[in-house]
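Let me begin by handing over the structure; questions about it come next.
The values are calculated or read from the model by the stated rules, or taken from the named source; none is laboratory data. Note that this is a predicted model, so its numbers are computed, not measured. For neighbour counting, all protein chains shown are included, and Cβ atoms are generated from backbone atoms with ideal geometry for every residue, glycine included. Surface accessibility is based on the protein's heavy atoms, side chains included, excluding ligands, DNA and RNA. Shrake-Rupley method; radii C 1.70, N 1.55, O 1.52, S 1.80 Å.
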Amino acid sequence: MRAGSSRQLHRQPYSADGTPRLTLLGTGTPAPLLHRAGSSYLVQLDEENLLFDCGPFAVHRLLQVGVPPTAIDTLFLTHLHYDHAADYGYLALNRWDQGAGKLAELQVYGPPSLDRMTAALFGPGGVWEPDLTARTENPSSQFVHEMRGGELPRYPLLPDVTLVADGDVISGDGWSVRVAEVVHAQPQLTCLAHRLEAGGRSIVFGGDTSPTPALTRLAEGADVLVH
């Protein structure tokens, strides 16, 4: 976490007992539809908002339910098909820009090639390097950053990426996520499912898998299966 950053920006406890709230932001397919966003699921905890997948229009859906991008600290990606990951860049850019240097880097967990995708988007020579260079070096952009409460020099954007695989467990403050590899687009893409445990409840996100024993085992005894 950077000096002066805070994980409390826009934080509002959802329930006194820590029960997670699940909101389906988008359940669409690659077909472009105005009434359906790409796959994206929001879990609201007492002090944190977790996002599972970030398909097209996910950021707008977040705003519609009253959650700004700055309120998302952690993102899990099941796989790197664009209908599950297209808004990753928009989420990270908007969160960084509006956060004005007060937030820790976005924590992102996903399958192999997520690190290359992130570097290709935000790293040196990446897709958004001209934009990021302008926002960190242009005087007018620096002025806007300071008006939002930021300080100069402005640090560059680079989400904190962790590659995960079958059997991995990610632990947070009052929650954990267990990862299983499931069947969908192998061998070109590694595809994952996630089981979230929080507040005595469990939610499983299957991604786009076909029926597979790995998902059956992961979902055993769960309260909710999103499949």
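Residues that are open to solvent by 20 Å² or more (accessible area, probe 1.4 Å) and over 30 Å from Gln98 (Cβ atoms): list the helices (runs of 4 or more DSSP H) wholly contained in segment 129-227 that include at least 3 such residues. Before you say what the answer is, go through the steps one by one.
Working: elements: 129-137, 139-147, 213-219.
Because the criterion is at least 3 residues that are open to solvent by 20 Å² or more (accessible area, probe 1.4 Å) and over 30 Å from Gln98 (Cβ atoms), the helices (runs of 4 or more DSSP H) in segment 129-227 that meet it are 213-219.
Of the conditions (1) in contact with a strand residue (DSSP E or B) (Cβ under 7 Å, 6 or more places away or on another chain); (2) at negative phi, Gly150 fails just one. Which one is it?
Status for Gly150: all satisfied but (1).
Next question. So is Thr216 modelled with pLDDT under 95 and β-branched (Val, Ile, Thr) or not?
It is false that Thr216 is modelled with pLDDT under 95 and β-branched (Val, Ile, Thr).
Quick test of your reading of the structure: Ala120 fulfils all but one of (1) touching a residue at least 40 places away in the same chain (Cβ under 8 Å); (2) more than 18 Å from Asp53 (Cα to Cα); (3) under 19 Å from the mean Cα position of the chain (by Cα). Name the failing condition by number.
Answer for Ala120: the failing condition is (1).
In segment 54-105, what count of residues is obtained for those that are crowded, with 24+ Cβ neighbours inside 10 Å and hydroxyl-bearing (Ser, Thr, Tyr)?
Number satisfying all stated conditions: 2.
Same structure, new question: For Leu114, are the conditions met, namely being within 22 Å of the chain's Cα centre (by Cα), within 30 Å of Ala214 (Cβ to Cβ) and open to solvent by 50 Å² or more (accessible area, probe 1.4 Å)?
For Leu114, the condition - within 22 Å of the chain's Cα centre (by Cα), within 30 Å of Ala214 (Cβ to Cβ) and open to solvent by 50 Å² or more (accessible area, probe 1.4 Å) - is not met.
Quick check on segment 31-44: of everything there that is at pLDDT 95 or above and open to solvent by 10 Å² or more (accessible area, probe 1.4 Å), which residue is nearest to Val226 (Cα to Cα)?
Tyr41
Something else now. With the condition kept exactly as written, say whether any residue in segment 71-93 is closer than 23 Å to Phe143 by Cβ, touching a Leu at 6+ places or on another chain (Cβ under 6 Å) and not small (Gly, Ala, Ser). Let's see the steps before the verdict.
Here is the first cut: in segment 71-93, the ones closer than 23 Å to Phe143 by Cβ are 92-93.
From the residues that got through so far, the ones that are touching a Leu at 6+ places or on another chain (Cβ under 6 Å) too are 92.
From what is left, the residues that are not small (Gly, Ala, Ser) are none.
Checked against the condition, which is being closer than 23 Å to Phe143 by Cβ, touching a Leu at 6+ places or on another chain (Cβ under 6 Å) and not small (Gly, Ala, Ser), segment 71-93 yields no hits at all.
Among the residues of segment 173-194, write down those that are of a type in the set (Gly, Ala, Ser) and either farther than 23 Å from Pro20 by Cβ or under 14 Å from the mean Cα position of the chain (by Cα) (or both).
Ala185, the sole residue that qualifies.
For segment 158-189, what are the residues that are of a type in the set (A, V, I, L, M) and at pLDDT 95 or above? Please lay out each step first, then the result.
Here is the first cut: in segment 158-189, the residues of a type in the set (A, V, I, L, M) are 158, 161, 163-165, 169-170, 177, 179-180, 182-183, 185, 189.
Val161, Leu163, Val164, Ala165, Val169, Ile170, Val177, Val179, Ala180, Val182, listed by residue number.
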